[in-house]
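Colleague: Can you keep this structure in mind? I'll have questions shortly.
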Amino acid sequence: MKRMLFIYNPMAGKEQIKNKLSDIVQIFCKSGFEITIFATQGPEDATNIVQERGEEYDYIVCSGGDGTMNEVATGYMNITKKPICGYIPAGTVNDFASSLKIPKIMKKAAQLITQGSVFRCDLGQFNDRYFTYVCGFGAFTEVSYQTPQEWKNALGKAAYFIEALKHIAEIKAHHMKIIYDGNEIEDNFILGLVSNSVSVAGYKAYSKMNIMMDDGKFEALFIKEIHNPLELQAALNGLMSKKFDSDRMLQFSSSEIKIICDDEVQWTLDGEDGGLCKEVTMKNHQYALPILCDKSVSAQVSHRAAKKAEEVEEK
Ligand SMILES: Nc1ncnc2c1ncn2[C@@H]1O[C@H](COP(=O)(O)OP(=O)(O)OP(=O)(O)O)[C@@H](O)[C@H]1O
């Protein structure tokens, strides 16, 4: 029998899993999994159980929001024998699941785990912590807590983005040095997002570009200080149209980024508190997270699949 450690956050996304747990367990049992179920009781529980027991299993499946998935990934990076991972989203935004096209309907996500194929996704390291899809500071980092519930219900994911834009003008700029691939850029920045994902805070910042989630590279976007309404308008237009203006924004891909700041900056990792940091080193761990997804995902976000397709075309 295939052994599965199933970790879930009972409180995630307004206790979404409450009425679905039995269906999910049935789907796994039918497919021949022997399951150990672990309900998290609070912060770091998911990380600890993966570290303590993860190596005993063939599969680790997590259900919760982005925060719980982050905790599982953190534990996963600290074990040597690596099981295959699965994810059943239960949060509000679920950016990581959106990027990997994992269904929002929990039963469907469970079924996918029993039939899906393994996609080896990159994982980000942030000093001694990890992130699955994004780390950042500034406007976006506060959105998930500030967006009014009525907006979320009426506008869905767009609400997060609109809320984030409202705060851009109020945000304090940080003087920082951004170092990557032999470049060193020094300026005042109000927002920074370093992402491994196509979707951040429900906003697909890079939808027109070819973002691969297994290319060993982060996509970085930094917005410089805004001095007047004209500059604010230009920055907003750039974000909305996804045409990033190099005078006001810094955008690049890199596998390693170092940031040195004059003051302490509040960071967020996968939408959760990332702590105050003056210096940050981010490293991309290519193919570090083997996760069960639909086969079509590989074709869309896999650098390896794109390369293979190119080779076939050339022939
Ligand atoms: N039983 C629990 N009660 C309260 N908090 C918990 C419990 N188990 C885990 N947590 C904490 O809740 C944090 C947030 O959970 P998670 O991100 O899964 O849900 P969410 O906030 O509802 O989802 P999202 O952030 O995607 O909207 C986790 O990082 C974890 O530390």
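Colleague: If you go through the range 1-58, how many residues are among the hydrophobic types (A, V, I, L, M, F, W, C), outside any strand (DSSP E or B) and at pLDDT 95 or above?
Modeller: Residues meeting the conditions: 9.
Colleague: If a residue has to be within 17 Å of L269 (Cβ to Cβ) and among the β-branched types (V, I, T) to count, how many in the range 41-76 make the cut?
Modeller: Total meeting the criteria: 5.
Colleague: May I ask you to list the residues in the range 64-83 that are out of contact with any His (no Cβ under 8 Å at 6 or more places or on another chain) and assigned to a helix (DSSP H, G or I)?
Modeller: Listed by number, the residues that qualify are D66, G67, T68, M69, N70, E71, V72, A73, T74, G75, Y76.
Colleague: Checking the condition closer than 26 Å to A110 by Cα and either in contact with a Cys (Cβ under 9 Å, 6 or more places away or on another chain) or assigned by TED's automatic domain parsing to the domain that holds V61 (or both), which residue from A299, A288 passes?
Modeller: Just one listed residue meets the conditions, A288.
Colleague: Now a separate question. For the condition out of contact with any Ser or Thr (no Cβ under 8 Å at 6 or more places or on another chain), part of a strand (DSSP E or B) and at pLDDT 75 or above, what is the one hit in D262, D247?
Modeller: D262
Colleague: When the range 16-58 is examined, which residues are found to be among the aromatic types (F, W, Y) and within 12 Å of the ligand (Cβ to nearest atom)?
Modeller: Residue satisfying the conditions is F38 alone.
Colleague: In the range 17-58, what count of residues is obtained for those that are in contact (Cβ under 8 Å) with a residue 60 or more places away in the chain and in contact with a Gly (Cβ under 9 Å, 6 or more places away or on another chain)?
Modeller: Summing the residues that are in contact (Cβ under 8 Å) with a residue 60 or more places away in the chain and in contact with a Gly (Cβ under 9 Å, 6 or more places away or on another chain) in the range 17-58 gives 1.
Colleague: Let me ask something else. Keeping to the range 211-242, report how many residues are modelled with pLDDT of 75 or more and either within 30 Å of K308 (Cα to Cα) or not assigned by TED's automatic domain parsing to the domain that holds N188 (or both).
Modeller: Looking only at that region, the number is 10.
Colleague: Do you know which of the residues in the range 84-118 that are over 15 Å from S296 (Cα atoms), within 15 Å of the ligand (Cβ to nearest atom) and in a loop (DSSP other than H, G, I, E, B) is nearest to the chain's Cα centre (by Cα)?
Modeller: N94
Colleague: Go through (1) modelled with pLDDT of 90 or more; (2) closer than 24 Å to S63 by Cα; (3) of a type in the set (G, A, S) for G91 and report which single condition fails.
Modeller: With respect to (1) modelled with pLDDT of 90 or more; (2) closer than 24 Å to S63 by Cα; (3) of a type in the set (G, A, S), G91 is out only on (1).
The values are calculated or read from the model by the stated rules, or taken from the named source; none is laboratory data. This is a predicted model, so every value here is computed, not measured. Cβ atoms come from the backbone with ideal geometry, glycine included; neighbour counts cover every protein chain shown.
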